[in-house]
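Down below is the structure, laid out as structure tokens.
The values are calculated or read from the model by the stated rules, or taken from the named source; none is laboratory data. All of these numbers come straight from a predicted model, not from anything done at the bench. A quick note on method: Cβ atoms are made from the backbone with ideal geometry, for glycine too, and the neighbour counts reach across all protein chains shown. The accessibility values were calculated without ligands, DNA or RNA, using every heavy atom of the protein model including side chains. Shrake-Rupley method; radii C 1.70, N 1.55, O 1.52, S 1.80 Å.
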Amino acid sequence: MTPRQRCDLLIIGAGPAGMAAALAAAPRGLAITLVDDNIHPGGQIWRDGPGSTLPPLARQHREALERYPNIRLLCGTRVVGLGGPSAPQDAPALLLEDAEQGWIQHSHRLVLCNGARELLLPFPGWTLPGVTGAGGLQVLIKAGLPVQGQRIVVAGTGPLLLACADTARKAGAQVIRIAEQASWRALAAFALQLPRWPAKALQATTLFNHHWRASSHVLHAQGQGRLEAVRIQRGTRQETLACDRLACGFGLVPNTQMGQLLGCALNDRQGLQVDGLMATSVPHVYAAGECTGFGGSERALAQGAIAGHAAAGDTARARAQARQAALARWQGFADLLHTQFELGEAVCQLAAPDTLVCRCEDVPLRELASRSSWIDAKLHTRCGMGACQGRVCGAATHALFGWTPAPPRHLLAPARIGTLAQCPTPVDESTGIRP
């Protein structure tokens, strides 16, 4: 076994939580492997690209990672599944793959910092070219997508809408509407609490846009071949806006598939359940950041530091870090977001009978309406069996029908045959023979 295939601490995800975990554990001298499927560390919130400018805190974390020779950063690398048996004193082994090869990665401790993904809710026309997620449009613009002069509508709920609109505006787009589904009453309650987090209050003032409207949500994306207009429900009346792009942000879904694959329990917000030291229900496995529930980069940094100390065996420092006010303070902010921007029923029921719910397998709502569960739907319609393996439609059906998608059993994503060949053949326990 080469040194590359074993480390003391394996961290999955190099966003704020993963970087904080690595930097907290590094002074202990452990051999740390930090894995991310993007080409640069930073995650979604600190994403690098020709159309973005990294904030000072992100640059500081990157520079700090480079100062520790015991941190091995593997960008462009992803986890595709389980890696077979591991020793009782070790964390579960994982099957990793980069552009050149696949291998089984063993580690003494494992920290999951998988982040979150956008919740995409189906509505008529949502599959038209020109319709994206709000976070997705931010990523495209940071990667260099030209939007100069384009008319953009942003719809959904939460502060991400304002951040998306700001990114588009700075790139030269014309933001003609920000449709927020929450009521003015909820927004006022949110604003009254913001002074508890002065930096967030200041940020809100810089992001404010006079095209922002409350009690508004998308009804229909219209166009022949690509988006041409969007119909919006605004209070008791409707309006149709001609536009070039529609960016929808209905909230975030914690990325828990890897944790569930390992057997980790979930909390009441569908994130990975952790204790005060960020330990999951699986021995030797920790979790931090958005995969434990949406809460922003500040909460992710605090959780990541605790997880890093705890996974490195420095329990005293992890407990001291946990006792600091930062985590409780940012957990309070997360709770406020969850309360004031909770999705209304009307937004969750926008799809028409012929609206595709599963884009990968072209499954419309009418074929799912008579099904009793996620498994029943998969067996009879192939919903969730396409390229995304239910990451998009699984969350949508949870909002539509209350279904809970079953966790993956072995693989998280399609993998090369050469990578799969790295996995040991299971042994028949009754005969001791490999089939």
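Sorted on the mean count of surrounding Cβ atoms within 10 Å across their residues, most packed first, peptides 250-262, 107-119 read 107-119, 250-262. Straight-line cross-link reach from K142 at under 20 Å between alpha-carbon atoms covers these lysines, not counting any fewer than eight positions away in the same chain: K170. Of the solvent-accessible surface of the chain, computed with a 1.4 Å probe over protein heavy atoms with every protein chain present, carbon and sulfur atoms account for 54 percent. Across the chain, C-alpha contacts under 8 Å between residues 6 or more apart give a mean separation that, scaled by the residue count, equals a relative contact order of 18 percent.
Helix 56-66 and the longest principal axis of the Cα set of the chain meet at an angle near 20°.
Computed over Cα pairs, the Kirkwood radius of the chain leads via Stokes-Einstein (0.890 mPa s, 25 °C) to a diffusion coefficient of 108 µm² per second. Separation of segment 364-409 from segment 57-90 is 33 Å, based on Cα centroids. Maximal additional length on extending the R234-A188 stretch stands at 14.8 nm, based on 0.36 nm per residue less the C-alpha distance.
Per Stokes-Einstein, at 4 °C and 1.567 mPa s, what whole-number D in µm² s⁻¹ belongs to segment 224-320, with the Kirkwood radius over Cα pairs as the hydrodynamic radius? Answer, rounded: 80 µm²/s. Each part reduced to its alpha carbon centroid, segment 19-53 and segment 285-352 end up 18 Å apart.
Spherically averaged projected area of the convex hull of Cα atoms, segment 279-435: 14.2 nm². Stokes-Einstein diffusion of segment 1-144 at 10 °C, 1.306 mPa s viscosity, Kirkwood radius from Cα pairs, rounded to a whole number: 96 µm²/s. The radius of gyration of the Cα set in segment 89-197, together with its Dmax, comes out at 19.8, 58 angstrom. When DSSP assigns beta bridges and you keep just the ones with both residues in the chain, what percent turn out antiparallel, to the nearest 5? In the chain, approximately 45 percent of DSSP beta bridges are antiparallel ones. In the chain, helical runs assigned H by DSSP with n ≥ 4 each contribute -39500 (n - 2.57); averaged across all residues and rounded to the nearest 500, the mean residue ellipticity at 222 nm is -9000 deg cm²/dmol. Only beta bridges with both residues in segment 41-198 are counted; by DSSP, about 55 percent of them are antiparallel. Relative to the longest principal axis of the C-alpha atoms of the chain, give the angle of the C-alpha long axis of helix 184-193, reported between 0 and 90° and rounded to the nearest 10°. Rounded to the nearest ten degrees, it is 50.
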